[in-house]
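Below: the structure, in structure tokens.
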Amino acid sequence: MIFDSHMHTEVSADSQMKAEDALERAASLGLGVVFTEHEDMDFPGEKDFTFRPEDYWKKYEALRGKGASLRLGVELGMQEGLAEKNRAFVLRAPFDQVIGSIHTLCGYDLFYDGLYKERTKDEAYLLYLETMAKCVRSHGDFIDILAHIDYIARYAVYSDPELSYDVYGEAIDEVLKALIETDTVLELNTRRFDAPCAKASLVPIFRRYRELGGRDVTLGSDAHRTDAIGFSFAAARAMAESLRLRAVTFFARRKEYC
Ligand SMILES: [Zn+2]
Ligand SMILES: [Zn+2]
């Protein structure tokens, strides 16, 4: 079964999706799902992107028990100084899957324009990639997956926001090498697949991942609403297959082939 390995229910501060609705929608698409709630400690701004793993487990464990189609994970916000706190967090529940993400940089939420206003695109993107490589190394022994390598391109305000391998190849390689050295899977996030140039910019990155020794990817929609579950999965599967990458998911922290 193919899994949508990245989505947020109402446990995440930025989602109101109900677990039952997500499961119903995924079942209609023939997909399994992994809930990956936000745990972003020291997040800039007003919103609290944290949750109590013990409560999460109580809330959803019964649904997880009803079959193999639901798994319970977390999306950890990585920051250079947070590795030990994040490591301790993961131990508080028997998560099936742990994703690491970069959502903030230099005290800025990448969703807003604060970081971009003060920097050129090259400055911001190189800092983003260098921080990502460092965080994969500091978190790599307790995360399974690196999410949305192109996250910054969702929100950056530059005229061309794409994360181009031609321009940033050297810094992207450092991230990819960190993934392979720490046995961390690169997620193929479909959130930006509606834009052909966004999708196209991912191809050389995933091709290079394969070249450097990467073999597996997870497919993730990053859905915060039921209508985004499984978004563009046919295209994502075709891309993975064309690059000879296998779709995997995680159960009880162990890799399973879809
Ligand atoms: Zn994310
Ligand atoms: Zn997410």
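General remarks:
- From the list Ala93, Ala26, Ala62, the lone residue that is farther than 27 Å from Met132 by Cβ and over 19 Å from the mean Cα position of the chain (by Cα) is Ala62.
- Here Phe3 clears all of (1) of a type in the set (A, V, I, L, M, F, W, C); (2) surrounded by fewer than 20 Cβ atoms within 10 Å (Cβ to Cβ); (3) within 18 Å of Thr226 (Cβ to Cβ) except the condition numbered (2).
- Set side by side, the residues Glu84, Glu118, Glu123, Glu130 differ, and just one is at pLDDT below 95, away from ligand 2 (no atom under 16 Å from the Cβ) and open to solvent by 10 Å² or more (accessible area, probe 1.4 Å), which is Glu118.
- In the range 12-42, the residues that are of a type in the set (D, E, K, R) and more than 15 Å from ligand 1 (Cβ to nearest atom): Lys18, Glu20, Asp21, Glu24, Arg25, Asp42
- Identity of the residue in the range 152-192, among the aromatic types (Phe, Trp, Tyr), open to solvent by 20 Å² or more (accessible area, probe 1.4 Å) and not in a loop (DSSP other than H, G, I, E, B), that ends up nearest to ligand 1 (Cβ to nearest atom): Tyr155
- Across the range 90-100, the qualifying residues are those that are more than 16 Å from ligand 2 (Cβ to nearest atom) and touching a residue at least 12 places away in the same chain (Cβ under 8 Å), and the one among them that is nearest to Leu179 (Cα to Cα) is Val90.
- Long-range neighbours under 6 Å by Cβ, at least six apart or interchain, first residue without any contact (Cβ under 8 Å) to a residue 60 or more places away in the chain within the range 209-226, second small (Gly, Ala, Ser): Val217/Ala240
- Check on Tyr155, within 30 Å of Phe251 (Cα to Cα) and within 16 Å of ligand 2 (Cβ to nearest atom): no
- Selection from the range 133-148 of residues that are farther than 13 Å from Gly77 by Cα and either over 15 Å from the mean Cα position of the chain (by Cα) or within 16 Å of ligand 2 (Cβ to nearest atom) (or both): Lys134, Arg137, Asp141, Asp144
- Looking only at the range 201-234, and only at residues there that are over 18 Å from the mean Cα position of the chain (by Cα) and hydrophobic (A, V, I, L, M, F, W, C), the one that is most open to solvent (accessible area, probe 1.4 Å): Ala234
- Residue-level check: of (1) under 24 Å from Leu72 (Cα atoms); (2) out of contact with any Gly (no Cβ under 8 Å at 6 or more places or on another chain), Thr182 misses just (2).
- Test: residue in the range 98-105 that is open to solvent by 40 Å² or more (accessible area, probe 1.4 Å) and either modelled with pLDDT of 95 or more or out of contact with any helix residue (DSSP H, G or I) (no Cβ under 7 Å at 6 or more places or on another chain) (or both): no
The values are calculated or read from the model by the stated rules, or taken from the named source; none is laboratory data. Fair warning: this is a prediction, and the values are worked out from it, not measured in the lab. Positions of Cβ are generated from backbone atoms using ideal geometry, with glycine treated the same way; all protein chains shown enter the neighbour counts. Heads up: the accessible areas ignore ligands, DNA and RNA and are worked out on the full protein's heavy atoms, side chains in. Shrake-Rupley method; radii C 1.70, N 1.55, O 1.52, S 1.80 Å.
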